[in-house]
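Participant: The structure under discussion is supplied below as structure tokens; questions concerning it will follow.
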Amino acid sequence: MKVSILLPLLALAPMAFTGCNSDTTARQQKTAAQNASAAQLTYVAPGKLDDYYAILSGGQSGSVFVYGLPSCRFIKEIPIFEPRAALGYANNPGSETYKRLAATGPLWGDTHHPVLSQTGGRYDGDWLWINDKANDRIAKIDLRTFEVAEIKVVPNIQGAHGLAAYLPSCKYVFVNGELETDHAGNSTEAEKYRSLVAFLDAQTLETKFQVSFVGNADIASSGKDGRYVFVTMYNTENAVSSEGMIERDRDAVGAIDVPLAEKALADGNFTKINGVPVIESEKVPGVLTLIPVPKNPHGCNVTPDGKYVLASGKLSPTVTIIDTKTLKVIAEPEVGLGPLHTTFDDRGNAYTSLFVDSQIVKWNIAKAIQGADDYIVDRVDVHYNVGHTKAAGADTSHPNGDWLISLNKLSKGMFLPVGPAMPESQELIDISGDKMRVVAAFPSLPEPHDAVMVHRKVLEDKVVQTHHLQANAVKLGEEKVVRNGSKVDVYMTCIRSKFVPEQFEVHEGDEVTVHLTNVETVRDMTHGVAFSRIGINVGVDPGQTVETTFKAPNPGTYWYYCTWFCSALHLEMRGRMLVKPQGAQLNEYLGPLAKEDKARSVQKESAYE
Ligand code: CUA
């Protein structure tokens, strides 16, 4: 009754107000002022640097995206599980990056959770780890160069999903097997299915041990004191249908006692499966504690002080707060519909993403534990259907408390239409005050799942200007062509604006390996070499040496040229591979070509006289 009377009144209300000219002006001015102040917060003048690196997983792009915040400017893509010809990454079958990637599985990946290394509860700017859910791989990125340093397959698990560093030491990174299988017997009987959490040496990425159990493991988070690590489990039913997976009203947070697992390992209390020690949770009491939480939890986040682990309810409108020492549930505040992930500021507040409500909800952890009515501090709408959310430094013991990213699954009409598929959408939210404020939105390729934000102060002294010359570097003046039967090694240098050699000769069918060193000593002078018609393109940064091997094609002239615009003579920066028939006489490489060229140009000039 009440509703039917109110609705027409509400519908009329805007019309009544738009009739009033001064009010419209006031509202427009207010909107303009709000936009202007949001723009001021995110404007970083050309040439000025952002405060933060935002590192977003690339999802099915198989890479990692690097943005600057607060400007939301896209800075770099780090290709990891997928080749990038532009960067000469893993695109040539004969290259080291290709061989390393191909040895671990397919040339594509599905990256989800970027994890930064920490020392003393703060980001140290050394390493970034990321998972490939589709092909069960973990990669380590060296933040001095923002390049892949290591890729390894994790044996036994399927659906390598949640990833976190074991704190405080970062001795391990651990990864959750989301998809259940019979990893021991390879049978197809669902009754035999188990899942695993794998603990990898954080540096070598070798799997040191695994803990196996019935159920599955979704998102991961580490306690801060070296005792437990936590995983959310949405399929304690061990079901194989989506209906079956939502049967129980309660699933679990699993707490793995790492020192106890290490003891079981030392005691030989494990089974070796595919070369990896697997600790069955049933055989080592206490190694895995299941803490019941409402229906199909998703996000798993330990608070910055390490006291609590928060499981976001997903199918329950609650976040479960669990004491990380006693493993007891101490509160279950309601936050809204579809809570997926929770992140933190430096003032005791949690921020939970609400997928169904398309909101970020800010709530006070201490008040929620006390049962106070006013634990909800603020809500802000995001666009649309937020998945992960992350505040700057929220994985450490010292969150920054200023910025938060909302990683939205759908952008709908947020950006210019570009066909049926729209870009992914992220929003930047100012959380420095009591009220949250969305100040910017920026698109990305598909599809960031999660992000980490690290202040530039942590990284700016670590990022190198040039590569350090490796032992295999070719030195200026020591370029050569070495023939050994049908194998030819070309030791080549490049510097603005010349390849040396600019010419080499091979026989059809020879196995040619080009060792190319960029001998530039200044930052940003990247060159690249593409071999026309041979399918080779490599990028080479200052100080870097790349090696790539290919088979010499049919006889003829094959130009190679620089692919990175490096100087006014960029187009002239090219050379020839001369492929001759089998058995033909080959000329030895005798050094730079300039003299021969000059003689030829004199001849040509005389022809025009
Ligand atoms: Cu070197 Cu362009």
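Participant: Given the criteria within 19 Å of His570 (Cβ to Cβ), open to solvent by 40 Å² or more (accessible area, probe 1.4 Å) and within 16 Å of the ligand (Cβ to nearest atom), does Val522 qualify? It would help to see each step written out before you state the result.
Facilitator: On the way: within 19 Å of His570 (Cβ to Cβ): yes; open to solvent by 40 Å² or more (accessible area, probe 1.4 Å): yes; within 16 Å of the ligand (Cβ to nearest atom): yes.
Yes: the conditions hold for Val522.
Participant: Of the conditions (1) more than 20 Å from the chain's Cα centre (by Cα); (2) closer than 29 Å to Ile78 by Cα; (3) part of a loop (DSSP other than H, G, I, E, B), Asp225 fails just one. Which one is it?
Facilitator: Evaluating Asp225 over (1) more than 20 Å from the chain's Cα centre (by Cα); (2) closer than 29 Å to Ile78 by Cα; (3) part of a loop (DSSP other than H, G, I, E, B) leaves (2) as the failure.
Participant: Moving on. Kindly indicate the residue of the stretch 555-567 that is open to solvent by less than 100 Å² (accessible area, probe 1.4 Å) and more than 36 Å from the chain's Cα centre (by Cα) and also nearest to the ligand (Cβ to nearest atom) among those meeting that condition.
Facilitator: Ranking the candidates gives Tyr558 first.
Participant: Moving on. Which ranges mark the strands (runs of 3 or more DSSP E) fully within the stretch 430-532 that have 3 or more residues being touching a residue at least 60 places away in the same chain (Cβ under 8 Å)? Before the answer, list the steps.
Facilitator: Working: elements: 437-444, 451-455, 480-484, 487-495, 498-500, 503-507, 511-518, 527-531.
Hits in the stretch 430-532: 437-444, 451-455, 480-484, 498-500, 503-507.
Participant: Now a separate question. State yes or no: is Thr493 of a type in the set (Val, Ile, Thr) and under 20 Å from Gly591 (Cβ atoms)? Outline the logic, then answer.
Facilitator: Details: of a type in the set (Val, Ile, Thr): yes; under 20 Å from Gly591 (Cβ atoms): yes.
Yes.
Participant: Could you tell me whether any residue of the stretch 469-485 is within 30 Å of Tyr52 (Cα to Cα) and either out of contact with any Leu (no Cβ under 6 Å at 6 or more places or on another chain) or more than 16 Å from the ligand (Cβ to nearest atom) (or both)?
Facilitator: First, pick out the residues of the stretch 469-485 that are within 30 Å of Tyr52 (Cα to Cα): 469.
With the extra rule that they be either out of contact with any Leu (no Cβ under 6 Å at 6 or more places or on another chain) or more than 16 Å from the ligand (Cβ to nearest atom) (or both), the set shrinks to 469.
For the stretch 469-485, residues within 30 Å of Tyr52 (Cα to Cα) and either out of contact with any Leu (no Cβ under 6 Å at 6 or more places or on another chain) or more than 16 Å from the ligand (Cβ to nearest atom) (or both): present.
Participant: Another one. Quick check on Gly543: is it closer than 21 Å to Arg100 by Cβ, out of contact with any helix residue (DSSP H, G or I) (no Cβ under 8 Å at 6 or more places or on another chain), more than 13 Å from the ligand (Cβ to nearest atom) and open to solvent by less than 10 Å² (accessible area, probe 1.4 Å)?
Facilitator: Values: closer than 21 Å to Arg100 by Cβ: yes; out of contact with any helix residue (DSSP H, G or I) (no Cβ under 8 Å at 6 or more places or on another chain): yes; more than 13 Å from the ligand (Cβ to nearest atom): yes; open to solvent by less than 10 Å² (accessible area, probe 1.4 Å): yes.
When the stated conditions are applied, Gly543 passes them.
Participant: What strands (runs of 3 or more DSSP E) completely inside the stretch 243-355 contain at least 2 residues that are in contact (Cβ under 8 Å) with a residue 24 or more places away in the chain and under 22 Å from Asp374 (Cα atoms)?
Facilitator: Values: elements: 250-257, 271-273, 276-280, 288-294, 300-302, 308-312, 319-323, 329-331, 339-344, 349-354.
The strands (runs of 3 or more DSSP E) meeting that bar are 308-312, 319-323, 329-331, 339-344, 349-354.
Participant: Quick one: Gly105 ticks every box in (1) of a type outside the set (Phe, Trp, Tyr); (2) touching a helix residue (DSSP H, G or I) at 6+ places or on another chain (Cβ under 6 Å); (3) assigned to a loop (DSSP other than H, G, I, E, B) bar one, so which box is it?
Facilitator: Against the list (1) of a type outside the set (Phe, Trp, Tyr); (2) touching a helix residue (DSSP H, G or I) at 6+ places or on another chain (Cβ under 6 Å); (3) assigned to a loop (DSSP other than H, G, I, E, B), Gly105 comes up short only on (2).
Participant: A further question follows. Within the group Ser486, Ser532, which residue is under 36 Å from the mean Cα position of the chain (by Cα), within 25 Å of Thr97 (Cα to Cα) and open to solvent by 40 Å² or more (accessible area, probe 1.4 Å)? Give the derivation first.
Facilitator: Numbers: Ser486 fails: under 36 Å from the mean Cα position of the chain (by Cα).
Among Ser486, Ser532, only Ser532 is under 36 Å from the mean Cα position of the chain (by Cα), within 25 Å of Thr97 (Cα to Cα) and open to solvent by 40 Å² or more (accessible area, probe 1.4 Å).
Participant: Checking the structure you have, find out if any residue of the stretch 455-469 is surrounded by fewer than 17 Cβ atoms within 10 Å (Cβ to Cβ) and in contact with a strand residue (DSSP E or B) (Cβ under 6 Å, 6 or more places away or on another chain).
Facilitator: yes
The values are calculated or read from the model by the stated rules, or taken from the named source; none is laboratory data. Note that this is a predicted model, so its numbers are computed, not measured. All Cβ positions, glycine included, derive from the backbone under ideal geometry; neighbour counts span all protein chains shown. In case anyone asks, the SASA skips ligands and DNA or RNA and just uses the protein heavy atoms, side chains included. Shrake-Rupley method; radii C 1.70, N 1.55, O 1.52, S 1.80 Å.
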